[in-house]
Amino acid sequence: MVSSKFDVTAECLRLSQAADRWKSTAPVERAELAKKTAQAVGEEADAWVRAAVAMKSVGLDDRMVGCNELLSVLRAEECATGPIATLRLLI
């Protein structure tokens, strides 16, 4: 739920200003940032996937639900749509 104190106009302005700064960032700096971000994503990919699978695998009674096959499918889906998709956009 979005807080009622969230100022959309101010956030859009902040994003616009960041875009202006990004335009003036040298390509070598952009590449270095992408590389560092990709390394960080790789380091956290396992935890990212485990957390996403856990969120999708908890039943109403807070117990894990699903068979091994379902959990394998969820892991594959979360890998593809989480860390792998993010890395693909960075490279």
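Filter the stretch 51-65 down to residues that are outside any strand (DSSP E or B), closer than 21 Å to Thr81 by Cβ and out of contact with any Gly (no Cβ under 7 Å at 6 or more places or on another chain) and give me whichever is modelled with the lowest pLDDT.
Looking only at the stretch 51-65, we keep the residues that are outside any strand (DSSP E or B), and these are 51-57, 59-63, 65.
Of the ones still in play, those that are also closer than 21 Å to Thr81 by Cβ are 51-57, 65.
Filter once more, keeping what is out of contact with any Gly (no Cβ under 7 Å at 6 or more places or on another chain): 51, 53-56.
Numbers: Ala51: 93, Val53: 91, Ala54: 88, Met55: 87, Lys56: 84.
The residue in question is Lys56.
Could we say that Val49 is of a type in the set (A, V, I, L, M, F, W, C) and surrounded by 10 or more Cβ atoms within 10 Å (Cβ to Cβ) here?
Answer is yes for this residue.
The values are calculated or read from the model by the stated rules, or taken from the named source; none is laboratory data. This structure is a prediction, so every number in the text was calculated from the model and none was measured. Cβ coordinates were reconstructed from backbone atoms using ideal geometry, including for glycine residues, and neighbour counts include every protein chain displayed.
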